[in-house]
Structures are given as C-alpha cells and as structure tokens.
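Asker: Dropping the structure in here first, questions after.
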Amino acid sequence: MADHRILLLGPPGAGKGTQATRLTAEYDLDHITTGDALRQNKEMETEYGTPGEYMDAGELVPDPVVNEIVVAALEDADGFVLDGYPRNLDQAEFLSEETDLDHVVFLDVPEDVLVERLTGRRVCDDCGATYHVEFDRPEEAGVCDECGGELVQREDDTEDTVRERLRVYRENTEPVVEHYREEGTLVEVSGEGAPDDVFERLRDVIEG
Ligand code: ADP
Ligand code: AMP
C-alpha cells in the first residue's frame with residue numbers, strides 16, 4: 001500500500017489530534033504533532049526561552065524551535081499525518097522545501113463549537129489520549145481507558161487562553177489555509193458531527 005503524506009489543518013479544537021490518531025492506526029502512518037513534541041519539552045532551554053512560556057500564554061513557539069522538531073520527525077517517517085504545523089506562512093514555506101504532501105485537508109468547525117470542545121478537553125497525563133467531559137467520556141471519570149493514567153486539563157485549555165489561541169489562529173494560521181486554497185490543493189471537510197462520521201469523510205478524501 002502506498003504511504004500517505006497527509007497534512008491536517010484546522011483551528012485549535014477542530015479534532016486534528018483525534019482524527020490523526022485514527023488515521024495513523026488505519027493507514028499505518030507516523031503521527032507528527034508539534035504540540036505533543038513541545039509539551040514533552042516545555043522546560044527545554046532555548047535561545048528564545050522555554051517553549052512552555054509561549055504555550056501557556058497561547059502564543060506560537062518561535063519558528064526555529066518548531067522547524068527543528070519537524071525536520072527530525074520527517075527524517076524518520078515514510079507516511080505521516082502532520083498535525084499542528086505549519087501554523088504561519090514562514091513555516092508553510094519551510095515545509096514545502098522539506099517534503100511533498102499527498103493530501104492537504106482542512107477540518108472546518110465553527111468557533112462556538114471550538115470553545116466548547118477545548119474547555120471540556122481532558123488528556124491522559126501518561127499516554128496523551130484525548131477525551132471530552134461531555135462528548136467523549138472515559139468509562140471511569142478521570143481515568144484513561146487506554147492505560148489507567150490520570151486525566152488532566154491542559155494548562156492552555158482555560159477559556160481566556162483558548163480565546164487567545166483562536167485569535168493567534170486567525171492572525172497567523174488562516175493565511176496558511178488560504179495559501180493551500182489558492183494553490184488548489186486544499187480539500188475542505190466538515191469537522192462537525194460524531195468523530196466516526198468525520199473519520200469516514202477523511203477516508204473518502206484519502207481513498208477518493
Ligand atoms: P485539535 O487537535 O484539533 O486541537 P482534538 O482532537 O484534541 O483537537 O479535539 C478537541 C476536543 O474535542 C477533545 O476533547 C476531543 O475529545 C473533542 N472532539 C474531537 N472531535 C470531536 C467531534 N467530532 N465531536 C465532538 N467532540 C470532539
Ligand atoms: P496544539 O497541541 O497543536 O494545540 O499546540 C499547543 C501549543 O503549542 C500552541 O498553542 C503553541 O504554543 C505551540 N505550538 C504547537 N505547534 C506549533 C507550531 N507549529 N508553531 C508554533 N507553536 C506551536
């Protein structure tokens with residue numbers, strides 16, 4: 001089976017991580033996510049300070065730090081789902097020099113739904129699995145179905161920081177979506193409805 005190189009675009013809370021997990025399992029791909037990589041290195045000292053200083057404020061981590069993560073991940077991957085990158089036009093330019101893409105998919109979700117999804121998100125402190133207090137509950141409250149780890153709220157999933165992340169998205173990342181739209185490669189998929197339904201839409205795009 002041919003490897004797929006998939007870019008998942010969409011605002012914070014669109015369901016990129018949720019769908020990337022399913023896609024990587026279905027098509028045996030690597031999940032490249034700058035958000036998770038940065039969370040694992042929140043306290044790492046760089047010449048720009050630590051990633052955590054930017055993340056907890058809802059701002060973008062400086063490009064050189066993020067680009068380095070992506071280069072290393074792409075080196076190890078044949079097929080992949082890229083999630084959370086590129087987030088501005090300079091990153092998109094950088095990415096185009098590093099790899100070709102087979103599918104560029106935009107997950108479209110209205111802003112009021114995003115806020116609800118993000119403020120109710122819970123993640124496993126051990127394995128990173130994602131849940132929602134209303135839309136995707138674990139079997140036992142506060143406990144991960146996958147590994148039994150503790151479910152916690154991300155520090156940047158509070159309402160104020162969510163609003164700032166959405167502002168940063170509109171300012172920096174919407175132009176990236178527009179760039180792929182103008183290039184003619186963007187496929188737009190509704191990210192509303194049950195995760196299974198969204199996944200079927202993505203499968204249609206990838207196998208289409
Ligand atoms: P992103 O990676 O785009 O920021 P996530 O995949 O982490 O988004 O999803 C954000 C939150 O919304 C999580 O709590 C997740 O469980 C929930 N979620 C994801 N997809 C859906 C969906 N189709 N319907 C309802 N809630 C969803
Ligand atoms: P995410 O897990 O994708 O919601 O990302 C969480 C946070 O990590 C963002 O709010 C940024 O602070 C940082 N981050 C993740 N990906 C990038 C990126 N491509 N460029 C800059 N910062 C990023």
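All of the numbers you see were taken from the coordinates with simple rules; none came from a lab. Values in this document were obtained by computation on a predicted structure and should not be read as measured data. Heads up, the Cβs are rebuilt from the backbone with ideal geometry, glycines too, and the neighbour counts pull from every protein chain shown.
Asker: Explain nothing, just the number: relative contact order of the stretch 118-208, from Cα pairs under 8 Å at least 6 residues apart, as a whole percent.
Answerer: Once divided by the residue count of the stretch 118-208, the mean separation gives 20 percent.
Asker: Can you work out ³J(HN,Hα) from phi for every residue in the stretch 116-128, in order, using Karplus 6.51 cos²θ - 1.76 cosθ + 1.60 and θ = phi - 60°, giving whole Hz and x for Gly and Pro?
Answerer: Those phi angles translate into 5, 5, 6, 6, x, 6, 10, 10, 6, 5, 8, 10, x Hz.
Asker: So, in Å, what gap is there between the alpha-carbon centers of the stretch 79-119 and the stretch 133-148?
Answerer: So the separation of the two Cα centres works out to 26 Å.
Asker: Going by a ≥ b ≥ c, the root eigenvalues of the Cα gyration tensor, does the chain fall in the rounded group (a/c under 1.5), the prolate group (a/b larger than b/c) or the oblate group?
Answerer: In terms of gyration-tensor shape, rounded.
Asker: Still on this structure: Hey, fewest Cβ within 10 Å first, where do Phe135, Phe80 land in order?
Answerer: Ordered by Cβ neighbours within 10 Å, fewest first: Phe135, Phe80.
Asker: Give, in nm to one decimal, the length gained when the segment between Glu139 and Glu207 is fully stretched (0.36 nm per residue of separation minus the Cα-Cα distance).
Answerer: Contour length minus the Cα-Cα distance gives 21.2 nm.
Asker: Sticking with this structure for a sec: Say we join alpha carbon atoms closer than 10 Å with springs in a Gaussian network model of the chain; which of Gly184, Gly79, Gly142 then has the biggest fluctuation?
Answerer: Gly184
Asker: Which value at 222 nm does the chain reach when only helices count, each DSSP H run of 4 or more adding -39,500 (n - 2.57), with the total divided by all residues and rounded to the nearest 500 deg cm²/dmol?
Answerer: The per-residue figure over the chain is -12500 deg cm²/dmol.
Asker: Give me the number: length gained by fully extending Val71 to Gln153, i.e. 0.36 nm times residue separation minus the C-alpha to C-alpha distance, one decimal in nm.
Answerer: Using 0.36 nm per residue and subtracting the Cα-Cα distance, I get 26.6 nm.
Asker: For the chain, what is the relative contact order in percent, using Cα pairs closer than 8 Å and at least 6 residues apart in sequence?
Answerer: Relative contact order of the chain: 28 percent.
Asker: Same structure, new question: Could you tell me the relative contact order of the stretch 1-116? Use alpha-carbon pairs under 8 Å, at least six residues apart, and round to a whole percent.
Answerer: Taking the mean separation of contacting Cα pairs over the length of the stretch 1-116, I get 48 percent.
Asker: Just report the Cα centroid separation between the stretch 170-208 and the stretch 1-77, whole Å.
Answerer: 17 Å
Asker: What's the FRET efficiency of Glu45 with Asp78 using the Cβ-Cβ distance as r and R₀ = 30 Å, to the nearest 0.05?
Answerer: Given R0 = 30 Å and the Cβ-Cβ separation, E is 0.40.
Asker: Let me ask another. Just rank Thr161, Thr18, fewest to most, by other beta-carbon atoms within 10 angstrom.
Answerer: Exposure proxy ranking, most exposed first: Thr161, Thr18.
Asker: Using the number of other C-beta atoms within 10 angstrom as an exposure proxy, rank Met55, Met44 with the fewest first.
Answerer: Neighbour counts put them in this order, fewest first: Met44, Met55.
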